Every structure is written in structure tokens, then in C-alpha cells.
Amino acid sequence: MEPIVVYSLVLSAVLFTMGMLAVLVRRNPIIMFMGIELMLNAANLAFIAFSRHLDKLDGQVIALIFMAVAAAEVAIGLAIIVSIYRYRRDVDVDAVNSLRG
Amino acid sequence: MGVSFAAGNILSLLPVGVIVLAALLLVLLEVLWAGRANRRLAGFGGLAVVVAGIAQLVYFPLLPSPVLGGALRFDGFAAIVALTVLAVLFLTLIVSPAHMARMGLRGGEYYALLFLSASGMMLLPAARGLVSIIICIELLSLPLYVLAGYNRRLAFSREAGFKYFLLGAFASAFMIYAAFIWGTTGTLSLGVIAESLPSAGNRALLLLGLGLLLVGFAFKAALAPFHAWVPDVYEGSPTPVTGFMAAAVKVAVFAVFLRVLMEGLMPLAEFWRLALYVLAIITMCLGNLLALHQMSLKRLLAYSAITHAGYLVLGLIAANAEAVSAVLFYLIAYSAAVIGSLALVAAWATRRTDDVYISDLRGMAERQPLAALALTFFMLSLIGFPITAGFVGKVLLFYAAYKAGYIALLIIAIINTMVSVYYYLRVVQAMYFLPREQPEDAAEGGLKAAAPVSVVAWPYLTVALISAVAIVVLGLVPRSLLVWLSMCSF
């Protein structure tokens with residue numbers, strides 16, 4: 001593998017891990033949501049890096065497709081968070097905990 | 001690979017096309033029939049489902065037909081899954097208007113979202129590339145996130161929508177990060193992956209990709225360490241949506257999971273078999289243990305869904321010719337039982353919680369004998385009691401696992417089945433043997449005593465009876481379905 005591919009993959013892995021930690025550790029839905037976006041974009045970066053490695057353009061097209069998927073997810077996710085906020089006037093995951101057991 | 005693009009037999013897309021078109025029309029009709037349009041929208045939807053079902057039967061793909069340059073390939077397996085999804089959607093449509101009216105919800109986007117989600121489920125088993133699979137899973141999930149939180153008045157429902165969204169999106173990110181499979185094999189189409197796996201470059205990266213893909217699927221299929229969202233989402237969602245999710249999502253996700261493993265990743269079987277082996281044991285045991293003390297029927301069914309996912313993994317691990325029809329039969333039997341019981345839960349649910357507690361079921365056999373009998377059948381089928389469809393499903397599934405040589409796993413599954421008898425029969429016992437509680441409740445005020453005494457309205461009863469008949473028929477004459485299923489080996 002070329003160095004640039006390796007660097008990009010390492011960067012992508014770091015971003016993915018950061019995103020995952022943000023979802024698992026942070027309690028603010030917006031931040032958790034940003035973590036998920038970070039994970040998705042890390043995956044896109046990996047696709048683009050592999051695209052260079054394999055010398056195929058498919059990876060870049062796939063990355064574009066997944067960007068569209070991520071955008072759809074953002075639309076739904078923000079709508080859900082806003083609808084919770086409208087009822088509660090604050091967003092904190094720890095407060096959204098009436099279901100347990 | 002050259003860039004050749006053959007549209008293929010576009011007519012195989014007709015059933016999905018009808019469903020998507022219906023979804024778009026429903027959005028339009030909702031505006032035109034503003035106000036009390038619930039029933040009419042559901043009626044129109046039902047009509048569309050029937051048309052799509054007929055189209056699916058007329059264009060039943062006896063031979064696999066690739067469509068859209070091989071991104072989709074319709075065959076018997078995909079058609080059976082699509083028909084099951086359509087049946088579940090139809091039953092959901094029968095229940096929905098009555099339930100929405102009782103919960104004081106406006107129709108609106110509800111039906112359109114159901115249809116969009118169903119279109120994703122119908123496409124999913126036909127998808128042949130990891131990209132199309134992930135997009136179909138998103139198409140299936142995104143409307144469900146909204147539907148889970150549809151009863152916005154209830155804090156439970158809002159919470160369910162939020163949790164489902166967060167964990168679902170988290171799982172999707174894992175699946176998309178299966179980019180490593182692309183990076184090492186240079187392709188995302190299942191058949192080609194299988195061919196190029198033995199010569200794949202970097203083994204470690206490949207296994208990393210496989211692991212991430214499995215985590216993503218385990219989330220969607222509710223396998224044990226990744227099951228945390230299931231009880232909350234099932235309990236909080238509006239009950240017809242829970243039924244739709246429990247039945248149709250399970251069918252679609254397990255169907256595609258089986259296909260990915262058998263068609264794309266067979267050369268890596270030793271790795272994913274080991275991973276799934278562990279997941280199956282944890283899932284069965286944990287699901288059962290947590291179900292033992294549930295008081296809420298919806299939560300009980302949620303944990304039972306986790307346990308059943310564990311049993312189904314047996315079929316995935318076996319991954320032989322028997323497993324394909326066994327998994328499908330099991331999924332259909334399970335769908336019938338779960339959608340029927342959730343229809344009854346919807347019928348008895350209170351407006352305040354949209355849920356039924358086992359104590360509410362006391363003496364139900366005297367008050368509503370027919371509904372109680374139907375629920376008994378569902379519970380027996382979930383246990384796997386003879387003469388029900390659940391029994392045949394379990395036998396087929398366990399036989400597939402036996403044939404593949406997983407005896408230890410089989411024994412664990414059988415022990416788990418026995419343990420599960422306890423909590424399923426607790427529901428039956430409450431209905432038939434426990435007296436209806438009266439005195440203390442009357443003192444507490446009418447709230448609790450007045451909870452679910454209302455007569456089960458016809459939509460709920462219809463769905464329950466259809467499901468009960470399906471369960472008994474499939475239990476007594478399993479060949480009626482197995483003939484169809486034999487067409488869908490791949």
C-alpha cells in the first residue's frame with residue numbers, strides 16, 4: 001500500500017473510534033449524533049482511500065452515495081431530537097430514561 | 001470489470017413499484033382527505049397491498065432474474081420474503097385505523113411511512129451488493145424511527161423513537177465501515193466477493209471488515225450484546241408499529257443476513273460461525289432470563305423476540321440447504337404469532353400507556369373467550385408446542401442445526417425452549433386460572449379496574465383470528481408452505 005493510503009486509513013480509524021466514543025461516552029444527543037456522523041464520514045474516507053489503493057473510481061461513487069444516506073439520516077434524526085425538545089425543553093439523554101428494566 | 005449496465009427484467013420491480021407509488025399517493029391523499037381520513041387511507045393502502053401481492057404472484061420469479069445491472073436479483077427467496085412482508089403490512093393496516101383513533105393520533109404520514117419501510121423490506125432480500133443492502137436497510141429503518149416515535153403525546157413513544165434512531169444509526173455506521181471488505185476484495189457484489197475472498201490481499205483488514213459487518217447486522221437483528229434497544233423500542237412504539245417491526249423487520253433482516261453469509265462470505269465461514277455461535281448462546285440465554293420477570297406484555301414479547309433471534313441464528317450457523325427453508329418457515333410462523341398477539345395487546349391497551357400488563361389479563365377467558373383462546377394459541381406457537389406452526393418451525397430449524405453438526409448448540413437451544421415455557425404460560429395462566437381482581441382496585445379508584453375490559457373491536461379480532469388460523473394450518477399441514485419454500489434455495 002502507498003503511504004498516503006495507509007495514512008488515510010489510520011486517520012479514518014481514528015475518526016471512527018472518536019465517533020464511537022462520542023456516542024458511548026457523551027450524553028448530549030446532539031454530540032452523540034455528531035459522533036455518528038463522524039463514524040459515517042470515517043467510513044467514506046476509508047472508501048476513498050481504498051479507491052486510490054485499488055485504482056478504481058467506485059469507492060468515490062460509493063462515498064457519495066453514503067453521503068446522501070447520511071444526509072437522510074440527519075434529516076430524520078434532527079426532527080426526532082427537535083420533537084423531544086419541544087415537549088421537554090431540554091435535551092439530555094439521562095433525562096430520557098422512563099423506559100427501563 | 002467493464003461498465004456494462006443491463007436493466008434486466010424490470011417487471012420484477014412491479015410489486016415494489018406499486019408499494020412505493022402507494023406511499024407517494026398516500027402522502028397526496030392525506031392532504032386531499034384532510035381530517036378524519038384514517039380509515040380511508042388504510043383502505044386505499046390495503047387495496048395497494050393486494051395489487052402488489054397479485055403482481056408478486058403473477059411475476060413470481062421462478063428463475064433468478066437480475067435487475068438494474070445486477071444490483072438486485074429477484075428469485076423465489078426474495079418473492080417469498082416480499083409476500084410475507086406484504087401480508088404483515090396488510091394485517092398492520094387492518095389494526096392501525098382503530099388503534100390510531102383510540103390513541104387520538106392523526107393519520108397523516110403514518111401510512112406513507114409504513115409503505116416506504118415495507119418497500120425497503122421487499123427490496124432487501126433481492127439486493128446483491130453490500131451498497132444496495134445497506135441502502136435498503138436504511139430505507140427500511142428511517143421510516144421506522146419516525147413511526148416508533150409517532151405517538152408524540154406519550155413520553156415512552158418519543159423516547160422509543162429517539163433510542164431506535166440513535167442505535168440504528170450507530171449500527172448503520174458499523175455496516176458502512178465494512179468498507180474494508182471492499183478494500184481487500186475490490187468488489188461489493190456478494191457473488192464476486194465469494195469468488196475473490198480466497199485470494200484476498202490483507203487478511204487482517206478483511207476480518208476487521210467482516211467483524212464490523214457482523215456487529216452492524218447483530219444490532220439490526222437484535223442479537224444479545226447489541227440488543228439493548230429492543231425492549232425500550234418495542235414497549236414505547238405504538239402497538240401496531242411494534243407488531244410491524246417485530247414481524248416484518250425480523251423477516252427482512254434475517255433473510256438478508258442469511259443471504260450475505262451464505263452467498264458472499266462462505267469462504268470465511270469458520271470465522272463468522274464462531275462469532276455467531278457465541279452470539280447465539282448469549283442471545284438465547286439472556287433473552288430468556290430477562291423475559292422471566294416481565295410484567296408488561298409488550299416487553300415480554302420484546303425479550304421473546306431477542307430469544308427467537310437467538311434460535312434463528314442456529315439456522316444462520318447451519319447455513320445449509322435445509323436452513324434456508326427452515327429459517328423462512330420459522331420467520332413466517334413467528335410473524336403470525338407475534339402480529340396476532342400484538343393486535344390483541346393493541347385491543348386491550350390503555351390510552352395512557354399503550355401497553356397491557358399480565359395482571360390486566362386476569363379472568364380474560366371468561367370475559368373474552370375468543371380473544372383469550374387466540375392469545376393462547378400464539379403463546380403456544382411461540383413456545384413451539386405441537387400442532388402449532390412454531391413447533392414445525394423449531395423442528396425444521398433444529399434439524400438444520402443437527403444436520404450441520406452443532407449438537408451442543410442444539411441442546412442449549414432446547415433447554416432455552418423449556419425455560420421459555422414458564423413465561424409464555426404465565427400469560428395463559430393469568431387468562432384462564434387467575435380470578436379477576438376486584439375489591440382492592442375498586443377502592444383505588446376506577447382507573448386501574450376500568451383498564452382493558454372493553455370488548456375487542458373487530459379489526460383487532462380479525463387480525464388475531466387470521467393469525468391464529470395461519471398458525472394452526474401451518475402447524476397441521478406444514479407442507480402447504482414448504483412446497484413454496486422448496487423453490488427458494490440459492
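The values are calculated or read from the model by the stated rules, or taken from the named source; none is laboratory data. Everything numeric in this text was worked out from a predicted model, so none of it was measured. Cβ sites come from the backbone with ideal geometry, for glycine too, and all protein chains shown count toward neighbours.
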message = Just checking, does the stretch B:223-234 include any residue being part of a helix (DSSP H, G or I), more than 30 Å from B:LEU86 (Cβ to Cβ) and in contact with a Cys (Cβ under 9 Å, 6 or more places away or on another chain)?
response = yes
request  = Looking at (1) away from chain A (no Cβ under 12 Å); (2) surrounded by fewer than 22 Cβ atoms within 10 Å (Cβ to Cβ); (3) under 30 Å from B:ALA305 (Cβ atoms), find the lone condition where B:ALA228 falls short.
outcome  = (1)
query = Pairs under 6 Å by beta carbon, first residue more than 9 Å from chain A (Cβ to nearest Cβ) in the stretch B:292-306, partner assigned to a loop (DSSP other than H, G, I, E, B) and charged (D, E, K, R), six or more apart or different chains?
reply = B:LYS298/B:ASP355
task = Assess whether A:ILE31 counts as being within 19 Å of B:THR184 (Cβ to Cβ) and modelled with pLDDT of 90 or more.
result = no
ask   = Since B:ARG106 meets every condition but one in (1) surrounded by 24 or more Cβ atoms within 10 Å (Cβ to Cβ); (2) assigned to a loop (DSSP other than H, G, I, E, B), which condition does it not meet?
value = (1)
message = Which count do you get for residues in the stretch B:175-184 that are at the interface with chain A (Cβ under 8 Å from one of its Cβ atoms) and in a helix (DSSP H, G or I)?
response = 5
Members of the stretch A:69-101 that are at pLDDT 90 or above and either more than 9 Å from chain B (Cβ to nearest Cβ) or more than 19 Å from the chain's Cα centre (by Cα) (or both) = A:ALA71, A:VAL74, A:LEU78
inquiry  = Among the numbered criteria (1) surrounded by 22 or more Cβ atoms within 10 Å (Cβ to Cβ); (2) facing chain A (nearest Cβ under 7 Å); (3) not acidic (Asp, Glu), which one does B:ILE133 miss?
reply    = (2)
query = What single numbered condition from (1) part of a helix (DSSP H, G or I); (2) away from chain A (no Cβ under 14 Å) fails to hold for B:LEU206?
reply = (2)
request  = Grab the helices (runs of 4 or more DSSP H) fully contained in the stretch B:248-358, keeping just those with 1 or more residues being farther than 29 Å from B:HIS99 by Cβ, at pLDDT 90 or above and among the basic types (Lys, Arg).
outcome  = B:250-259, B:269-291
key: The listed residue being over 23 Å from B:VAL50 (Cα atoms), in contact (Cβ under 8 Å) with a residue 24 or more places away in the chain and of a type outside the set (Lys, Arg), out of B:ILE80, B:ILE137   = B:ILE137
query = Among the listed residues B:MET262, B:MET284, which satisfies the condition of being among the hydrophobic types (A, V, I, L, M, F, W, C) and either in contact with a helix residue (DSSP H, G or I) (Cβ under 7 Å, 6 or more places away or on another chain) or more than 21 Å from B:TYR406 (Cβ to Cβ) (or both)?
reply = B:MET284
query = Which is crowded, with 24+ Cβ neighbours inside 10 Å, within 24 Å of B:VAL260 (Cβ to Cβ) and touching a residue at least 40 places away in the same chain (Cβ under 8 Å), of B:VAL95, B:VAL67, B:VAL85?
reply = B:VAL85
Condition check for B:ALA79: aliphatic (A, V, I, L, M), surrounded by fewer than 24 Cβ atoms within 10 Å (Cβ to Cβ), within 19 Å of B:LEU14 (Cβ to Cβ) and within 19 Å of the chain's Cα centre (by Cα) = no
request  = Could you please give the count of residues in the stretch A:9-60 that are assigned to a helix (DSSP H, G or I), more than 11 Å from chain B (Cβ to nearest Cβ) and not β-branched (Val, Ile, Thr)?
outcome  = 5
query = Which ones in the stretch B:201-240 are free of Cβ contacts under 8 Å to residues at least 60 places away in the same chain and under 16 Å from the mean Cα position of the chain (by Cα)?
reply = B:PHE217, B:PHE219
ask   = Taking the condition buried (at least 24 other Cβ atoms within 10 Å of the Cβ), more than 8 Å from chain A (Cβ to nearest Cβ) and in contact with a Lys or Arg (Cβ under 6 Å, 6 or more places away or on another chain), does B:TYR164 pass?
value = no
key: Close pairs (6 angstrom Cβ cut-off, 6 or more residues apart or separate chains): within 14 Å of B:ALA71 (Cβ to Cβ) in the stretch B:188-200, aliphatic (A, V, I, L, M) anywhere   = B:LEU188/B:LEU130; B:LEU188/B:VAL131
inquiry  = within 30 Å of A:ALA43 (Cβ to Cβ) and outside any loop (DSSP other than H, G, I, E, B): which single residue out of B:LEU83, B:LEU144 fits that description?
reply    = B:LEU144
key: So B:ARG40, is it of a type in the set (D, E, K, R), modelled with pLDDT under 90 and touching a Phe, Trp or Tyr at 6+ places or on another chain (Cβ under 7 Å)   = yes
task = Scan the stretch B:143-151 and give yes if some residue there is within 7 Å of chain A (Cβ to nearest Cβ), aliphatic (A, V, I, L, M) and over 17 Å from B:VAL215 (Cβ atoms), otherwise no.
result = yes
